[in-house]
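Okay, so here's the structure we're looking at.
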Amino acid sequence: MRKTYLIMIIIFFVLTNTLVSKNIAKDNSLDFDIGLVFKAGSAEIVFNDSELTNDLAFIITALRVDFDISNYIKLGIIAGYQQNHFNDPINAVNLPLSLGFPEDNSNSMLFGFIIESEPFSIDDFVLDINFEFDYYKSFLKSWKIELPIAAGTAESNNSFYKASLSFLFKYEGFANFTPYIGPNLSLISGKLSLSENIMEIEAEEIMKYNQNNLIGLSAGVKFEVGDNWDIGLKLNLFSEKSICLSAFYIF
């Protein structure tokens with residue numbers, strides 16, 4: 001799965017780098033927008049070995065910059081901070097001492113990119129195709145194990161990838177706002193690792209997981225506020241349940 005993601009990243013970066021280079025060669029100026037994105041929700045995941053399901057809840061705050069590559073293609077770069085936790089308890093039972101994953105939030109750094117295109121339109125109806133790839137790099141969490149018969153330390157790490165592809169149908173017939181709706185495909189693939197060091201015995205258990213429901217629905221609206229601001233509201237259903245708020249300054 002990781003090799004597939006890496007190949008996808010390489011292909012998209014090569015294509016977008018070629019488009020950017022051609023655009024800059026044609027015109028020294030490059031239009032861009034900058035904004036803040038706030039997202040909260042959850043997605044159902046399934047662990048590969050046990051087939052047990054759980055809900056991965058998350059809150060994301062990120063900075064996003066969009067570059068207009070051409071009249072039909074936009075490249076976005078996103079970076080930010082995320083907090084996530086599993087709604088149900090998780091235990092690593094294959095360690096020498098059974099270990100539970102901490103129920104408080106895990107903190108992650110978010111890095112990703114977005115490719116957005118509007119290949120065709122009919123009157124005021126526009127098809128928007130959006131591909132996004134994000135990597136959530138978790139900060140290592142550690143705590144002490146203190147028992148009457150043993151003492152030591154434990155560590156946990158929960159990092160994952162997310163790829164999504166959306167087909168949004170927009171209506172641009174209104175003056176100051178644009179509604180849209182459409183299906184999306186979404187895939188989360190992650191690795192949760194729990195390790196312990198007790199009385200000079202080191203052990204680690206790795207639990208891999210994927211998103212359980214891949215097909216979802218997105219709906220939202222974008223408001224034009226003044227000459228330079230776009231405010232967005234987006235809802236995701238089925239593959240994940242989330243709400244996303246965004247505010248962009250248009251240069």
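If I model a spin label at F167 and D123 as a point 7 Å from the Cα along the Cα→Cβ vector, what separation in nanometres do I get?
Going by the 7 Å Cα→Cβ label model, 2.1 nm.
Determine the sum of side-chain charges near G112: Lys and Arg each +1, Asp and Glu each -1, restricted to other residues whose C-beta is under 10 angstrom from that of G112.
Neighbourhood net charge equals 0.
As an exercise, use a Förster radius of 22 Å and the Cβ-Cβ distance of Y249 and F139 to find the FRET efficiency, rounded to the nearest 0.05.
Details: r = 30 Å, r/R0 = 1.36.
Between Y249 and F139 the formula returns 0.15.
How high is the relative contact order of segment 31-250, given as a whole-number percent (alpha carbon pairs under 8 Å, six or more residues apart)?
On the way: 622 pairs, mean separation 42.9, N = 220.
That works out to 20 percent.
Note the angle between two axes, namely the Cα long axis of helix 2-26 and the longest principal axis of the Cα atoms of the chain, as a number of degrees from 0 to 90, rounded to the nearest 10.
The angle comes out near 30 degrees.
If you average 1/r over all unlike Cα pairs in segment 31-250 and invert the result, what Kirkwood radius do you get in angstrom?
After inverting the pairwise mean of 1/r, the radius is 19.2 Å.
Please turn the phi angles of segment 197-209 into ³J(HN,Hα) values with the Karplus equation 6.51 cos²θ - 1.76 cosθ + 1.60 (θ = phi - 60°), one per residue in order, whole Hz, x for glycine and proline.
10, 10, 6, 6, 9, 10, 8, 9, 10, 10, 10, 8, 8
If amide hydrogens are placed 1.01 Å from N in the peptide plane, which non-local residues have theirs closer than 5 Å to the one on N213?
Excluding prolines and chain starts, which carry no amide H, the hits are E44.
Given the Cα-Cα distance of N228 and N212 and 0.36 nm per residue of separation, how much length would full extension add, in nm? The partial results should precede the final answer.
Working: separation 16, 0.36 × 16 = 5.76 nm, distance 3.95 nm.
Taking 0.36 nm per residue and subtracting the Cα distance, the gain is 1.8 nm.
How long is the gain from I181 to N91 if the chain were fully straight, where each residue apart is worth 0.36 nm and the alpha carbon distance is subtracted?
In short, 28.5 nm is gained.
Looking at segment 73-156, which chymotrypsin sites (Phe, Trp or Tyr not before Pro) are DSSP coil and have at most 14 other C-beta atoms within 10 Å of their C-beta?
Of the chymotrypsin sites (Phe, Trp or Tyr not before Pro), the ones in loops of segment 73-156 whose Cβ has at most 14 other Cβ atoms within 10 Å are F120, F139.
No lab work stands behind these numbers, since they all come straight from the coordinates. No experiment lies behind these values; they were computed from the predicted model shown. Reconstructed Cβ throughout: ideal geometry from the backbone, glycine too, with neighbour counts over all protein chains shown.
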